[in-house]
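Visitor: I'd like to ask you about the structure that follows.
The values are calculated or read from the model by the stated rules, or taken from the named source; none is laboratory data. Note that the structure is predicted; figures quoted are calculated from it, not measured. Here the Cβ positions follow ideal geometry from the backbone for every residue, glycine too, while neighbour counts run over all protein chains shown. Side chains are part of the model used for accessible areas, which takes the heavy atoms of the whole protein and leaves out ligands, DNA and RNA. Shrake-Rupley method; radii C 1.70, N 1.55, O 1.52, S 1.80 Å.
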Amino acid sequence: MKLKFLGTAAAEGVPAVFCNCSACKRARSVGGKNIRTRSQILIDGDTLYDFPMDTYMHALRFGIDLSAIKRVLITHSHMDHCYPQEFCMRGEPFAHNMTEKTVDIFCNAAVKEMFLSDTAREIRENVKNSINVRTLSPFETVEDGDMTIIALPASHTVGEDCLVYYVQRAGVGALLLNDTGILDAGVYERLHGFGAKVDIAVFDCTYGATKRGRGRHMGLYDVTEQIELVGGIGLFKQNVKLIATHLSHNTDLDHDGISKLAEPYGITVAYDGMEISAGE
Ligand SMILES: [Zn+2]
Ligand SMILES: [Zn+2]
Ligand SMILES: [Zn+2]
């Protein structure tokens, strides 16, 4: 399994879209790994984890055939994870010779409702018929082609059942945990009960080098505690790769700064364009 981090920022981006704080000014002048677009992960070239408004730019930057995407796993309805209007362009007369005829979108009920209302004004019937929006509940498991998908309950915002996901393909498992605050042992124990094993674990790290405890996101020291918890439950394979993503300018740390703090814990801080693989 190969993960490519297409975007690694929190909602406002780094530098943030309207911000002139010192971290954003530094990011603009230094560039490189300090420039972060909205969080999105490409899995094996055919699956997207989230669909922010930066998806089109990610496709341009990294040379991705978006028509080859078979499934999109959407976590929740926040705009940095869910931009349904773009799907109005997925079909004739806006797209020709598409690689895949149809695409499946997995999401919660709130995202489905948002998808239907946000596309209602513009979507053509032929386009609508090629998109299957499938709602999932926490702990629901789906076998989709050669991929197993398990929806997990996130701890993020009220008003909807925010999800995060575990995916497995060819014996390789990835635990993808953004956006979410810390999760209770019970969530990981149930995942363990499904027989899940984790080769790659990706954690929300919006709060940078802090520990927040209960909240809608995690900081680095929440992540280290979650790693201990998950490890203790026996979900991790021996050479598990630990990644932090969904970073914010509000931490006032550049990529090298947060990376240095994460390194002693064996955590790699993601950057836009970073690839990581496990298995064959
Ligand atoms: Zn977010
Ligand atoms: Zn800023
Ligand atoms: Zn969010």
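Visitor: Could you compute the net charge surrounding ASP179? Neighbours are other residues with a C-beta less than 15 Å from the C-beta of ASP179; K and R count +1, D and E count -1.
Guide: After counting each charged neighbour, the total is -2.
Visitor: Another question, if that's okay. Please check: in the Gaussian network model of the chain (C-alpha springs, under 10 Å), which one of GLY181, GLY219, GLY193 has the largest mean-square fluctuation.
Guide: GLY193
Visitor: Does segment 5-136 come out rounded, prolate or oblate, given a ≥ b ≥ c as the square roots of the eigenvalues of its C-alpha gyration tensor, rounded meaning a/c under 1.5 and, failing that, prolate meaning a/b above b/c?
Guide: It comes out prolate by the Cα gyration axes.
Visitor: Under the classification rounded if a/c is under 1.5, otherwise prolate if a/b is larger than b/c and oblate if not, where does segment 2-277 fall, given a ≥ b ≥ c as square roots of the Cα gyration tensor eigenvalues?
Guide: Oblate.
Visitor: So, one more: Measure off, as a whole percent, the carbon and sulfur share of the 1.4 Å-probe accessible area of segment 1-61, all protein chains present.
Guide: That fraction is 60 percent.
Visitor: Right, next: Taking 22 Å as R0, compute the FRET efficiency from the Cβ-Cβ separation of ASP144 and ILE233 and round it to 0.05.
Guide: Taking R0 as 22 Å, the efficiency between ASP144 and ILE233 is 0.30.
Visitor: Which value, in Å², gives the accessible area per residue of segment 77-148 when a 1.4 Å probe is used on the protein heavy atoms?
Guide: 55
Visitor: Could you work out how far apart the two model spin labels at SER137 and GLU92 are, taking each label as a point 7 Å from the Cα in the direction of the beta carbon, and quote it in nm?
Guide: 4.0
Visitor: In a GNM of the chain with a 10 Å cut-off on Cα contacts, which of CYS21, CYS82, CYS205 has the highest mean-square fluctuation?
Guide: The residue with the greatest mean-square fluctuation here is CYS21.
Visitor: Please build a GNM for the chain, connecting alpha carbons under 10 Å apart, and tell me which residue among LEU163, LEU220, LEU261 fluctuates the most.
Guide: The residue with the greatest mean-square fluctuation here is LEU261.
Visitor: For segment 77-231, taking Cα atoms only, what is the radius of gyration to one decimal and the Dmax to the nearest whole Å?
Guide: 17.4, 51
Visitor: I'd like the accessible area for MET89: 1.4 Å probe, protein heavy atoms, all chains in place, Å² to the nearest 10.
Guide: Accessible area of MET89: about 80 Å².
Visitor: Sticking with this structure for a sec: Using a 1.4 Å probe, how large is the accessible area of LYS70, given in Å² and rounded to the nearest 10?
Guide: The accessible area comes out at roughly 80 Å².
Visitor: Arrange the residues ILE149, ILE182 by how much accessible surface each exposes, largest first, with a 1.4 angstrom probe.
Guide: Sorted descending by solvent-accessible area, the residues read ILE182, ILE149.
Visitor: Further, regarding this structure: Straight-line reach from LYS241: which lysines fall under 19 Å, measuring Cα to Cα and dropping same-chain residues less than 8 apart?
Guide: Answer for LYS241, where 19 Å is the Cα cut-off: LYS2, LYS4, LYS197, LYS260, listed by chain and number.
Visitor: Sticking with this one: Which aspartates and glutamates does LYS25 reach when only Cα atoms under 13 Å apart count, and residues fewer than 8 places away in its own chain are ignored?
Guide: Correct list for LYS25: ASP252, ASP254.
Visitor: How far apart, in nm, are the 7 Å Cα→Cβ label points at GLU113 and ASP184?
Guide: So the two model labels end up 2.5 nm from each other.
Visitor: Here is a further query. How large is ³J(HN,Hα), in whole Hz, for each residue of segment 170-181 in order, when computed from phi with the Karplus curve 6.51 cos²θ - 1.76 cosθ + 1.60 and θ = phi - 60°, using x for Gly and Pro?
Guide: So the Karplus estimates, Gly and Pro as x, are 6, x, 10, x, 10, 9, 10, 10, 8, 8, 6, x Hz.
Visitor: How much net charge surrounds GLY193 when only the other residues with a Cβ under 15 Å from the Cβ of GLY193 are counted, with Lys and Arg +1 and Asp and Glu -1?
Guide: Working: positive: ARG190, LYS197; negative: GLU140, ASP184, GLU189.
For residues surrounding GLY193, the net value is -1.
Visitor: Enter the Cα centre distance for the pair segment 1-61 and segment 208-233, rounded to the nearest angstrom.
Guide: 22
Visitor: Which sequence of THR210, THR102 reflects their accessible areas, 1.4 Å probe, from the largest down?
Guide: Largest accessible area first, the list is THR102, THR210.
Visitor: Taking 8 Å as the Cα distance limit and 6 or more residues as the minimum spacing, I'd like the relative contact order of the chain as a percentage. Intermediate results must be reported in sequence, preceding the final value.
Guide: Working: 614 pairs, mean separation 55.0, N = 280.
Across the chain, relative contact order equals 20 percent.
Visitor: At 0.36 nm per residue, minus the direct Cα-Cα distance, what do GLU100 and GLU225 gain on full extension? Give it in nm, one decimal, please.
Guide: Gain on extension, GLU100 to GLU225, equals 40.9 nm.
Visitor: Something else now. Check ALA244: other-chain or 5+ apart residues with amide H under 5 Å from its amide H, H built from backbone geometry?
Guide: Correct list: PHE203, THR268, VAL269, ALA270.
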